[in-house]
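Below: one structure, written as structure tokens.
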Amino acid sequence: MICKVKLWADGGIFVRKWLLGLCLLLFLDTQTAGHLREKTSLQDLRDRGIPTRMLERLEIPAEEIRLYGIFWEDLQYFPAAGRKEVQGQQFFFENSWHARRTFQGERLHEGCDIFGREEKSGYYPILSMTDGIVEKVGWLPLGGYRIGIRSPGGGYFYYAHLSSYAREFQTGEQIKAGEVLGFLGDTGYGEEGTAGKFVPHLHLGIYVRTQTEEDHALNPYPVLQFLQKRQKNFFY
Ligand SMILES: [Zn+2]
């Protein structure tokens with residue numbers, strides 16, 4: 001009898017170990033599946049020509065990288081046009097994502113600034129990077145003369161500090177990639193018409209809608225790196 005009980009007890013331990021092992025296997029399996037899903041998804045983006053490794057090098061998390069997939073295929077042109085007769089690099093930008101800004105209170109830089117070799121307002125044309133619809137246009141105290149274009153995939157491209165617009169734009173109108181929107185300038189940081197408070201540059205912002213946010217800001221730096229070779233140059 002004692003022997004039987006002991007056997008049962010041993011059996012119980014065996015069953016418990018077995019169950020524990022099974023649970024551990026199931027746990028590891030779901031972990032691997034999650035990992036695979038993540039890999040597959042980034043692989044999908046890679047297959048679509050999205051340079052995910054470049055985004056990963058900037059320490060952009062996988063979740064965020066997927067958001068770039070919303071509009072990546074809409075990207076066609078670098079947003080500033082240079083002069084055809086000029087040799088070498090005409091535009092400069094660096095990764096200033098979330099750098100501190102102090103005008104009108106503490107905030108973080110939600111975009112990327114593009115400076116021209118010539119520090120002149122109204123000199124360089126600003127082009128739409130994508131096809132799209134004009135969603136917002138006009139003056140903002142921070143952005144100055146700005147225009148916001150929603151691309152077919154759903155990316156919102158915000159071009160700010162323009163010296164002037166190329167023409168009169170209406171909200172809801174269709175824009176072609178490469179179309180001149182206005183000119184690189186130094187407007188903003190005050191009431192309508194304020195200019196000259198900083199070196200002329202284009203402030204580019206990129207936003208997407210997510211399940212939780214209407215305007216989720218993404219770092220435009222990798223987008224600009226990607227489009228650098230697709231710069232239109234004109235005679236002007
Ligand atoms: Zn900026």
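The values are calculated or read from the model by the stated rules, or taken from the named source; none is laboratory data. Predicted model only: the values in this text are computed from it and were never measured. Cβ placement follows ideal geometry from the backbone for every residue including glycine, while neighbour counts extend to all protein chains displayed.
Applying the set (1) part of a loop (DSSP other than H, G, I, E, B); (2) within 12 Å of the ligand (Cβ to nearest atom) to L204 leaves exactly one unmet item: (1).
When you go through L181, L218 one by one, which is the residue that is in the same structural domain as V134 (by TED's automatic domain parsing), crowded, with 16+ Cβ neighbours inside 10 Å and away from the ligand (no atom under 16 Å from the Cβ)? First the steps, then the outcome.
Details: L218 fails: away from the ligand (no atom under 16 Å from the Cβ).
Criteria check complete, one pass: L181.
Contact map, segment 206-222: first residue without any contact (Cβ under 8 Å) to a residue 60 or more places away in the chain and under 21 Å from P79 (Cβ atoms), second residue hydrophobic (A, V, I, L, M, F, W, C) and part of a strand (DSSP E or B), Cβ cut-off under 9 Å, separation 6 or more or different chains; pairs are Y207/F157; Y207/A217; Y207/L218; D215/V208. All conditions but one from (1) within 15 Å of the ligand (Cβ to nearest atom); (2) surrounded by 15 or more Cβ atoms within 10 Å (Cβ to Cβ); (3) in a loop (DSSP other than H, G, I, E, B) apply to V199; the one that does not is (2).
Does L127 satisfy the condition of being among the aliphatic types (A, V, I, L, M) and out of contact with any strand residue (DSSP E or B) (no Cβ under 7 Å at 6 or more places or on another chain)? I'd like the intermediate steps shown before the answer.
Values: among the aliphatic types (A, V, I, L, M): yes; out of contact with any strand residue (DSSP E or B) (no Cβ under 7 Å at 6 or more places or on another chain): no.
Against the criterion (among the aliphatic types (A, V, I, L, M) and out of contact with any strand residue (DSSP E or B) (no Cβ under 7 Å at 6 or more places or on another chain)), L127 does not qualify.
The number of residues in segment 80-89 that are more than 15 Å from the ligand (Cβ to nearest atom) and touching a residue at least 60 places away in the same chain (Cβ under 8 Å) comes to 6.
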